[in-house]
Structures are given as C-alpha cells and as structure tokens.
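Q: Submitted below is the structure of interest, expressed as structure tokens.
The values are calculated or read from the model by the stated rules, or taken from the named source; none is laboratory data. None of the values given here were measured: they were computed from a predicted structure. Backbone-built Cβ (ideal geometry, glycine too); neighbour counts: all protein chains shown. The area values use the complete protein model at the heavy-atom level, side chains included, leaving out ligands, DNA and RNA. Shrake-Rupley method; radii C 1.70, N 1.55, O 1.52, S 1.80 Å.
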Amino acid sequence: MNTAVNQGETIVFWICGFFAVLGALGLIFSKKAVHSALWMALTMISLAVLYVANQAPFLGMVQIVVYTGAVMMLFLFVLMVVGVDSSDSLIETVKGQRIAAILLGLGLAILLIWGIGSSMTNVGPGSLDDANSVDGGNVQGIAHLIFTTYLVPFEVTSALLITAALGAMVLAHRERWLPKPTQSEMSKARFAGAVHPGNLPAPGVYARHNAVDTPALLPDGSVSDISIPGPLKARGDVRPVDHMEMDEITSIDEGSQS
Amino acid sequence: MSPLVLSSATLQEVTPATGVFSLIALLIGLPLLGAAVLLLGGRRTNKWGPYLGVLTVGTSAVIAIVMLVKLMALPSESRAIGESLYSWVFAGGFQVDLAFQLDQLSMVFVLLITIVGTLIHIYSLGYMSHDKDKRKFFGYLNLFVAAMLILVLANNFLLLYVGWEGVGLASYLLIGFWQFKPSAAAAAKKAFVINRVGDVGLSLAIMLMFVTFGSVTFSDVFGSASQASEGTLTAIGLLLLLAACGKSAQFPLQAWLLDAMEGPTPVSALIHAATMVTAGVYLIARSNAIFDRAVWAATAVIIVGLITIFMGATIGSAKDDIKKSLAGSTMSQIGYMVLAVGLGPIGYVFAIFHLLTHGVFKAGLFLGAGSVMHGMNDNVNMRRYGALRGAMGITFVTFMAGYLAIIGIPPFAGYWSKDSIVHAAFEKSTLIGVLTIIAAGITGFYMTRMVAMTFFGKARWEDDAHPHESPKVMTIPLIILAIGSTFLGLALLFWGNIKTWLEPVLGLTEAETALPELAIIIITLSVVIIGAIIGWVMYARRAVPIEAPRGSWLTRAARQDLYGDAVNDALVVRPSYHLARVLNWFDSRAVDGFVNGTAAFVGGASGRMRKYQSGFARSYALSMVGGAVIVVLALVLVRL
Amino acid sequence: MNPANYVILSAVLFSLGAVGVLVRRNAIVVFMCVELMLNAANLAFVAFSKINGNLDGQVIAFFVMVVAAAEVVVGLAIIVQIFRTRRSVSIDEPNLLKY
C-alpha cells in the first residue's frame, strides 16, 4: 500500500472518527429524542465510511441501507408514535447514577485503550486485497464465506428474522375488547351527550398568519380554544393573538368604509 | 513342672452330616418355630402355647440324646459333623455360610441346653401358671434356646455372633419380663447395655480375625492361627475375653448379673445360671487355638477369673436376697470356669466339666429357691425364712443335693469338677491353687449360710406367709436335677469319660503338682468343711435377726455389690453425663450459635443489600458495567 | 496508519454507548445507545478483518447487523406496548421489581 493511500486513509479516519465521536456525544447529550436519533445517524454514516476505508465496501453499504435507512427510520417512526416532543429532563433521579456511570465509562475506555495500546503496538496495517480478489470481489468473498463456512448460522439468522417479525407483530397487536363500533353507533354516540356535535371551528385564517397555530376568534373578539389542534396546544405553540394589530386592522377597515 | 501327658488340640476333620445328624438344623429350628408361633400367633395360642413351647424344646432334647448316642458310636477322630445350609454372606473374597458344626464340645452344650432347658420349661408351667403373659414367656424361652443352640452349633464366628446377640436379646426380654416393675425394666436395660460392651469386643475380634485370616470360620481361623503374630493373637484374645466378661458377668462387667435376678426365677435358672452366662467360657474354650498362642491373653483370663471368684463369693456371703446370693455364687463358679480355661490345655476340659455339673446343680438350686419363693408369697428375703425344711420337704432335699454339690462334698457332682479345677490350678501354680481352695472355703460358708437361714433355725415368716410344697410339675424337675447334682460328676468322669471325649477338641495336658493329689483333696475338703461349720455356727446355732445387722465394712460393701454400680457410675455414667452436658452446651452455644449467627448475618446483610435492589434497570446495568470493568481490568492485569 | 486506531475508536464509541445506556432514561434513546455499542463492536470486527487479511470478521459483523435488526424490531415493539399501557417510555417508570 503506497504512502498516498495510507495518508488518505489517515485523513479519512480522523475526519470520520471525529464525526463518529461527535455523533455519539450528541446522542448522549441531546435533550430531545429526535435530535439523538439524528446524531446517531451521523455516527452511523461515519462508521459506514470507515468500513469502506477498511476495504469492506459491502458492509459500508449495508450499514447505510440497513442502519441509517431502515433501523433509524424505525426509531423515528416509534418516536412519532410515542410523541416527538417527549423529552427527558436531564435531572438525574437515581442518586449517584450519573457520576458512577461517567466514572465507569471513563474507566472502561481507559482500560480498553490501555489494553489495546499495549497489545497492538507492532501490528501491521494488513490488507484484504488478496482475500477480496480470490472470488473476484468483496461481495463475492463474503457470499462465499456465508454460503460455505457460515451456512448454518446464516440459516439460523433467517429463522431469527422471521421470529422477530412475528414477535413484533404479536407485541404491537392491540387486542380489541369491544366490538368495532359501526358508523351509525359512532354518529349516535357523537350526538348523545356530546358538547360539540358538529364540526369544530377552523383555526383563524389571516393574510399574514395562514397557519393552524392561529386560533379563531369568536364574535366578541375572544380566542376559541377548540379551534386549535390539541398537540399544538399541548406543546404551547399557539400563536398569541395580537389585539393591537387587530384593532389597527379594524380601524383601517372602518376608516376605509368611512 | 514337666508335662506328663502332652496332647494339644488338633484341628478335627469335619465330616458332612448324614443320618440323624442332618437334623442339626431341626435341633435349632424346633425352638425357633415355637418362638415364632408363640410370639406371632398372638392371644389365640394362649391356651396351648406353653405346652407347644415345652414340646419343641423336649423334642430337641430327644434329638440331642439320639445324636449323642450316634456320636459315641463313631470313632473319636470323626466326631466333628458339619452341615451347611446355604451361603449366607457372599461379598467378594469374603464368604460365610449358614453352617453348623457338631463336635464333642458342641454336643455337651447342646445336651445341657436342651435337657436343662426342657426341665425348666416344665417347671415354668407351674411357676408361671398364674401369669397372664405365660405364652409370651414361653415364646421368649424358646427364642433363647434357639439362639443358644445357634451359638454353640455355629461353625463360624459370624453365626456365633448371631446366637450371641440372640441370647442377649432373649435375656433382655426375660429380665424385663415383669416390665411393670421399674426395677425389672431398669435391670433389663442395664444387662443389655453392659452386654453391649462385651459385644463390641466380640465384633471387633471378628473384624480383626477377618483382617488377619481373611475368614471367620473356625477351621480357617484356628487352622492358620499359628501363622499370625503373637501380638495379633493377643489382641484377638483380649477382645474375646472382653466379650466373655460381658456375657459371663466377669469382672469388670459383672454388675448386671445381680440385677438380672429381677426376672422370673426359671429365667434366672436357665439363662443366668446354667447356660447363657457360660457362653463366655464356651467362647474361650472354643478359641483355644488362639489362647494357647497368646500367653498374655491367657494370663489376663486367669486374673479375671480369680478376681471374679472372690468378688462373687463375697457378694454371695453378704446378700440376704436368696436369688442375689445365688447370683453371686454363679459369678464365683463361672470365675472358676474362666480361671480353668485360662490355665490352657491343663484346664479346658475341667472348665467344661465344671460348666456341665454347675449348669445342673445351679439350675436345681435356683429352681429350689423359686420353689421356696413360690411358697412364701414371692418373698426373697432369707431373713424372713427359716425352718422351712418341714414345710417343703421335696424342695429341701433337692436343695440339699445342690448344696452338697456346689460346696464339693464327694460324691456329689460339684466335688469332681471343682476338685479337677483345683488340681489343674496347682499344676499351673501353687499360688493359684491355694487361692482356689480359699474360694472353695468361702463357697462352703455362704452356701451353708443360705441353707441355714432358709431351712433351719426358727421360723421368721411374715404373718401372712403359709409355706407349702410346690405342685408336682415343679418338684419333678427339681428331683431330676437333684439326681443330676448327685450323680452327674461321677457319671461324666467315669462312665462318660469326659476327658477323652473332649480331648480331641480342647487338648489335655497334665503336669506335676507341688503337693501330692491326695493332699490337695484333703486340704480342699477340710477348708470347705471349716467354712461350712463357720456358716452353720453363725446362722443356724445363733438366732438370725430379722433386721440385718450393720456388719463389717466388707459386708456393707458386698451388700452394695462391692460398689460395682458406684464404680460404673463414677467411671462411666457420670463422665458420660458430663460429656453430654458439655456437648449439649457446645451444641447450643457453639454449633447453634454459628448456625444462628450465619443466619443472622445473612439476614442482616440481605436486609441492607436489598436497598440496592432499587428496581431501576439502570442501576442494575450500572453494576453490570462495573463487572465488565473488573473483568477487563483483570484481563489487562493478567496480561501485563 | 496503525490499525490500532480503529480499535481504539471502537473502544471509545463503546464506552460512550455504555455511558448513554446508564445515563439516559428515554427507552428509545437507551436503545439507540445499545445500537451504538453494537456498531462499535462491528467497527472492531471490520478492523480486525483487515489486520488479519481474511473476511471472517466482516461476516461476523454482518451477522451482528442481522441480529441487531431483529433486536430493534422486537425491542421497539415492546417499547410501543409499554407506552400504550403506561403512557411513558421512561425506563425508570417500571421500577416495581424491588424490595
């Protein structure tokens, strides 16, 4: 392996390594779960590049497709189900947990680095050129191994995947306790004791603020609570009604009339 | 001391049983069957059970007599008959058969056991007629006879041990037959426990034999005894002596015999006078091949015998209880036999000779005492007897025959056998001979005392006592035994020729004595008569006080069984109590303390540690990571 | 470049993942941290594969990915189920399993 390639690899390593660690730190320190997921995606893409740099192009692609593409999307879906806005308070509840965790993590890292550093001093960079070229390429080489030496584990993993899919279905399945209500039953229920049988008022629509976060105004000028979607209310994203502006508009309106 | 005739015991060729001898198993089986029927049959055998018991033993006696006749017809070198029933223990190289051996020594024992046993069974029909547990009594007696026959007929030590334990069990059951009396129950327990000590000796001896010779059959053990070291033989001999001391109530395991008199009188006569207590003598005589080669063991036997002779005689002289006095006398007489077997080939034959005559006349004396008690409302205190010769004539006459036999007046049976032992003792050593003569004098004293207090003097009866002669079923065995007491010695010595009969089994040596034979006889007889006269003067001529006088220190000690119980108490019982108390303390404090402490520690520690079971998955994960760190640390450190 | 660097980077990522598992309370984030640890292990496998000059390490990493995918599927389903019943994904919530 010539020096240029070697130097190139070094540069790639340091850049991707930096981003990987940055992503990991972001994963840990983000307050919101969605941000954590995005930092995680950064780490995984960095790792994919490192895989490619390590002469593992197949794994690099799989990393991007499976992890960044599928697994992270799955995480995000679940976050949506659970509520994107749910965020941890960063105040620790278990006494001493955070300090102990950081100390142990540091200790683990130091010990591992110590052990690796002391045992891998004289290891050559190695090369997969030979192994990759035997069957005509990295993918072919891995395929060869999977379907010869690792055939049985491979078949077992297929069973594992099917089991996992089934398990996910079973777990996510919601048992229906009551018969599904028919349309007529639903409309009857809606009118039977409901406060608001008809449509809810639409949000306020203004030229400047054509958005669902703007509440509608009742004839007396007060804000209609039910005109805003619940999640926005819960999040506190309701845009306040600027009465000064409204008065100005009214006066302009009246002035133009007068 | 140079031997005149030298003939040591040689191992006899054992011929397989044929003809009447194949009935050896039946000899044992009949009483065993009787015991089984009586003990398992329950109340429905109450009516005819006792008669069945008498019948089985009687039939065995008849078979035994027939066998004796057949055996006498055989040449003396082929008189050992063996019969093997089946292979009993079969473990690797160790094999023990359920096999019997009938030879000259076994034969005389079988005769003694079955004939005296039959007579005592018959006597018991009368003696126990009012007892509601009569059936059980006869069942136990049958069991005893069967076990005793196994003991003397076994051809190996293991089977002998079965019989040994069997007679111990029967003895226990019969001593405690009147278990509603606390004293009887305690006496039974005492006999059982003390016998255990001896039994341990026998079992250890058997194990040692197996280790040394690889077999426990008589023929193998005695045949290869000459190859074993003297130390081993001495050890075996001493262990056998311990066993004999337990069973035969020899010093230092003598304490149980006096208490054993709590049992019914026929039991005292059969088990604790005639047969079972002589098993120790049989054991030593049978093992003569071992004792002949173990000088120290034989000397120990002599010493034990001598001590017991004087202990028994002293106790017999002081007791006012007629049965206990007789029990002391039994101890003393068995002491004579043990002394004789300790003398070696000089004395084996005479020990067995005395054993036979003693078995007969002591059984007669005990049954006579029982007859007296029967007529005196079961009162055993000789101070409340007196002048009974008129009230119960047959008992008196038969008792007198036994009396003359035991003190050794010619031509009564005891004279011949005891004189032989005294003579053999002189052959060994003049000192031992003199001691036996003194003991014979004491025998004369205490037996005269007994006879004088019971049958002579003034009547000192309780107010409600109406002495009467016992029924015929009791007096006929008395008469037969009295005839035996009178003529058995003569018959065995001159007609039966006991010396040549037993010589092939036991060996017989004669040696010169320091005194001429006639001198010994005259001295012995004079000492005995002096003793008897002293007894007569003290207890027949003078009035016997109803309350026992305080007496000398020796008398008081003898009344306390020479402090046998106190010694046992101080040496064994109290230390055991203390040990038990210490162990109990140790158990409750140290062991329990440790256990409870462990429990408290674990409880307390878990009480504290459960705080860490917070339920937060993250704190569990934390400890997991901690473990991983420790593992990595260990790996790194080991590698460095 | 010394291939040990890859392994050291792997160790750092692994430790960060471990700390994340211990510190975060949102079950989904904890799950992501676990995935980070698995990825760190994969990186070490890939690096070792190159050092040794054969493809076995890559095959193992491939299997790890498969298993991780299966694990994510089931784990997320469990989280969803827990959320449905408890309206929360905090892993400190289910702490009934204690003294």
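Q: Can you tell me which residue in the stretch C:65-74 is farthest from the other protein chains (Cβ to nearest Cβ), limited to those that are open to solvent by 30 Å² or more (accessible area, probe 1.4 Å) and among the hydrophobic types (A, V, I, L, M, F, W, C)?
A: C:VAL67
Q: Considering only the stretch B:163-202, state which residues are assigned to a helix (DSSP H, G or I) and surrounded by fewer than 17 Cβ atoms within 10 Å (Cβ to Cβ).
A: B:LEU169, B:PRO182, B:SER183, B:ALA185, B:ALA186, B:LYS189, B:VAL193, B:ARG196, B:VAL197, B:VAL200
Q: Select from the stretch C:52-62 the residues that are buried (at least 22 other Cβ atoms within 10 Å of the Cβ) and touching a residue at least 12 places away in the same chain (Cβ under 8 Å) and write down the one among them that is farthest from the other protein chains (Cβ to nearest Cβ).
A: Going through the qualifying residues, I end up with C:GLY57.
Q: Cβ-Cβ under 9 Å, sequence separation 6+ or interchain: first residue in the stretch B:612-624 and at the interface with another protein chain (Cβ under 7 Å from one of its Cβ atoms) and under 18 Å from C:ILE28 (Cβ atoms), partner among the hydrophobic types (A, V, I, L, M, F, W, C) and open to solvent by 50 Å² or more (accessible area, probe 1.4 Å). Which pairs?
A: B:ALA617/C:LEU97
Q: Hey, among the residues in the stretch A:114-138 that are open to solvent by 60 Å² or more (accessible area, probe 1.4 Å) and facing another protein chain (nearest Cβ under 7 Å), which one's farthest from the chain's Cα centre (by Cα)?
A: Here the answer is A:ASP130.
Q: Being hydrophobic (A, V, I, L, M, F, W, C) and touching a residue at least 60 places away in the same chain (Cβ under 8 Å) is the filter; apply it to the stretch A:48-58 and report the residue that is nearest to the other protein chains (Cβ to nearest Cβ).
A: My answer is A:ALA56.
Q: Take the residues in the stretch A:139-152 that are under 14 Å from C:GLN58 (Cβ atoms) and not aliphatic (A, V, I, L, M); name whichever of them is surrounded by the most Cβ atoms within 10 Å (Cβ to Cβ).
A: Checked the stretch A:139-152; the qualifying residue surrounded by the most Cβ atoms within 10 Å (Cβ to Cβ) is A:GLY141.
Q: Could you give every pair whose Cβ atoms fall below 9 Å, whose first residue belongs to the stretch A:12-40 and is more than 17 Å from C:ARG24 (Cα to Cα) and in the same structural domain as A:PHE75 (by TED's automatic domain parsing), and whose second residue is open to solvent by less than 60 Å² (accessible area, probe 1.4 Å) and not in a helix (DSSP H, G or I), counting only separations of at least 6 or pairs across chains?
A: Between residues of the stretch A:12-40 that are more than 17 Å from C:ARG24 (Cα to Cα) and in the same structural domain as A:PHE75 (by TED's automatic domain parsing) and residues that are open to solvent by less than 60 Å² (accessible area, probe 1.4 Å) and not in a helix (DSSP H, G or I), the close pairs are A:PHE13/C:MET1.
Q: Working carefully through the options B:ALA566, B:ALA621, B:ALA558, B:ALA570, find the one that is closer than 30 Å to B:LEU257 by Cα, in contact with a helix residue (DSSP H, G or I) (Cβ under 7 Å, 6 or more places away or on another chain) and aliphatic (A, V, I, L, M).
A: B:ALA558
Q: Also, quick follow-up: I'd like the full set of residues that are surrounded by fewer than 24 Cβ atoms within 10 Å (Cβ to Cβ) and assigned to a helix (DSSP H, G or I), limited to the stretch B:357-381.
A: B:MET373, B:HIS374, B:GLY375
Q: Is it the case that some residue within the stretch B:107-115 is open to solvent by 20 Å² or more (accessible area, probe 1.4 Å) and either in contact with a helix residue (DSSP H, G or I) (Cβ under 7 Å, 6 or more places away or on another chain) or at pLDDT below 90 (or both)?
A: Yes: the stretch B:107-115 contains one or more residues that are open to solvent by 20 Å² or more (accessible area, probe 1.4 Å) and either in contact with a helix residue (DSSP H, G or I) (Cβ under 7 Å, 6 or more places away or on another chain) or at pLDDT below 90 (or both).
Q: Within the bounds of the stretch B:427-434, is there any residue that is open to solvent by 20 Å² or more (accessible area, probe 1.4 Å) and within 19 Å of B:GLY316 (Cβ to Cβ)?
A: no
Q: Any idea which residue in the stretch A:221-238 is nearest to A:GLY204 (Cα to Cα), counting only those that are part of a loop (DSSP other than H, G, I, E, B) and modelled with pLDDT of 75 or more?
A: Result: A:ILE228.
Q: Restricting to the stretch C:2-15, give me the number of residues that are open to solvent by less than 30 Å² (accessible area, probe 1.4 Å) and either in a helix (DSSP H, G or I) or at positive phi (or both).
A: Qualifying residue count, the stretch C:2-15: 8.
Q: Moving on. Of the residues in the stretch B:511-532, how many are open to solvent by 60 Å² or more (accessible area, probe 1.4 Å) and free of Cβ contacts under 8 Å to residues at least 60 places away in the same chain?
A: 3
Q: Sticking with this one: Restricting the search to the stretch C:7-48, which residues are more than 7 Å from chain A (Cβ to nearest Cβ) and within 25 Å of A:ASN132 (Cβ to Cβ)?
A: If the condition is that a residue be more than 7 Å from chain A (Cβ to nearest Cβ) and within 25 Å of A:ASN132 (Cβ to Cβ), then C:SER10, C:LEU38, C:ALA40, C:ALA41, C:ASN42, C:ALA44, C:PHE45, C:PHE48 are the ones that fit.
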